[in-house]
Each structure stands twice: as structure tokens, then as C-alpha cells.
Amino acid sequence: MDLRTGHPYWVVKNGLLATYPPLTTDERCDVAIVGAGITGALLSQSLSQAGMDCVVLDRRDAGSGSTAASTALLQYEIDTELWELIDLVGESHAVRAYRLGLEAIDAIEELARLDAASCEFERRESLYFASRRSHGARLRREFDCRRQHGFDIDFLEADEISERFSFQAPCGILSRGDAVIDAVQLTHTLLQAARRTGARIFDRTTVKSFKKDGDNFRLLTDRGPTVTARHLIMASGYES
């Protein structure tokens with residue numbers, strides 16, 4: 001799968017931050033995590049800190065797949081607008097989904113403090129704007145719904161957007177609580193933290209196949225060695 005074209009900004013900015021050895025021997029663990037990008041790094045740091053024995057595998061250099069193609073934007077808003085999500089799953093579940101997004105950004109801010117200088121976490125406002133004037137009523141409905149449930153937002157008309165930004169739009173919702181971060185730096189910060197609590201990380205090692213073997217999973221790699229794990233987590237980004 002071609003994840004991207006050209007050179008990702010984060011790779012150009014950071015270079016190769018760290019390398020990990022390829023797998024050369026059979027391993028056993030509590031949890032095998034396939035993918036050493038931001039998701040695999042978050043999981044390995046959290047699980048190993050909780051006392052789980054983790055093995056992380058990636059077919060590329062760690063953090064150079066989907067994570068390297070990231071925009072670095074951390075936004076609590078999901079793809080479905082809040083009012084529409086309420087219609088789909090009910091008010092309490094929908095509002096909780098949005099609030100979980102805010103809580104996740106707070107949690108990432110805490111994790112970024114492990115290496116604050118390099119992760120470059122910074123709080124930012126974000127603007128969700130209408131591309132056409134006819135979309136204004138829908139956007140106003142979304143604004144009213146979020147405001148009703150206590151989210152910190154403002155509704156900007158066209159003239160306010162022109163004054164504050166370098167482009168024009170009919171209207172928009174300005175949200176507070178979002179952020180930006182260097183996701184590749186955070187990935188390596190978390191992987192290093194995971195290693196300090198016992199996680200074993202191997203890159204340039206492709207998982208060719210896996211099968212259930214009794215109560216365990218058995219992963220076969222392109223280099224020959226296997227990993228036997230009680231639990232298996234697929235964290236391979238877009239390629240999943």
C-alpha cells in the first residue's frame with residue numbers, strides 16, 4: 001500500500017530519530033503489538049507501565065509509516081457532527097464521545113511532558129468553517145448543539161473570519177481545546193519510555209502471518225523467528 005508520496009515533513013524535520021534491532025530470536029510475551037507508530041507506541045508505553053510484557057514489531061523504521069504522514073493536528077471533533085451523532089447513538093453517548101476527545105488531548109499533553117522540548121505540544125484553536133453559504137444553517141445547528149452541552153466555542157461570521165484569518169469563508173465554529181504536536185517525536189519518546197519498563201521493540205521486521213495456537217497467538221516473521229503472545233494488537237495504521 002502506498003501510504004503517501006514525496007517526503008513527509010516530519011522525516012525531513014527530524015531525520016532518523018532512533019533505530020531498533022530486527023527480530024533475530026524467538027520471543028514470548030503477554031502482548032504482541034504489530035506497528036511501532038504512534039498507536040503502537042501509546043499502547044506499549046501504557047501496557048508495559050501497567051506490568052504487561054510487550055513485544056512491538058514494525059516492518060519499517062519505527063514511526064515512519066502512517067505516523068510520519070500525520071498532520072499533527074489533535075482535534076476532539078470526530079467526523080460526524082455532534083447533532084447528527086446524537087440522532088445515531090443518543091445524547092449521552094454522543095456527548096461522551098466528544099468529551100473523550102477533549103480528555104484524550106489532555107492525556108497527550110501529559111505524555112508530551114516526558115520530553116516537552118522535542119514533542120512541541122502546543123494548544124491551538126481550530127476553525128470548522130462552511131465552504132458554501134448554503135451550509136451556514138447546518139453549521140449554526142452544530143454550534144447550538146455543542147454550546148448547549150458546554151463546549152468552549154464561538155460562532156464567527158464572514159467578516160470576523162476575514163479579520164482573524166488569511167482566507168474567507170461564510171461562517172465557522174471556533175473551538176478551543178485542540179492542539180498540535182510532533183507525532184514522530186512523541187512516538188519515539190513513548191517507545192523509549194516503554195523500553196525502560198521492559199518492552200522489546202523490533203523494527204525492519206515484517207509479520208508475514210499469525211495464527212491462534214491454543215490460548216496464544218503465534219506470529220511468523222519474514223526473518224524466520226516467531227513471537228508467541230497471549231494477546232495480539234494490530235496497530236498498523238491505514239494498512240490495517
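A few remarks follow.
- Pairs, first under 25 Å from T228 (Cα atoms) in region 57-73, second assigned to a loop (DSSP other than H, G, I, E, B) and hydroxyl-bearing (S, T, Y), C-beta under 6 Å, six or more apart: L57/T205; R59/T206; A62/Y20
- Just one residue in the set V95, V56 is touching a His at 6+ places or on another chain (Cβ under 6 Å) and buried (at least 19 other Cβ atoms within 10 Å of the Cβ); that residue is V95.
- Residues in region 151-204 that are among the polar types (S, T, N, Q), open to solvent by 10 Å² or more (accessible area, probe 1.4 Å) and not in a helix (DSSP H, G or I): S166, Q168, T197.
- Scanning region 98-127 for residues that are in contact (Cβ under 8 Å) with a residue 24 or more places away in the chain, under 13 Å from A179 (Cβ atoms) and open to solvent by 30 Å² or more (accessible area, probe 1.4 Å) yields a total of 11.
The values are calculated or read from the model by the stated rules, or taken from the named source; none is laboratory data. For clarity, every value in this text was computed on a predicted model and none was experimentally measured. Positions of Cβ are generated from backbone atoms using ideal geometry, with glycine treated the same way; all protein chains shown enter the neighbour counts. Areas reflect the complete protein model, heavy atoms only, side chains present, ligands, DNA and RNA absent. Shrake-Rupley method; radii C 1.70, N 1.55, O 1.52, S 1.80 Å.
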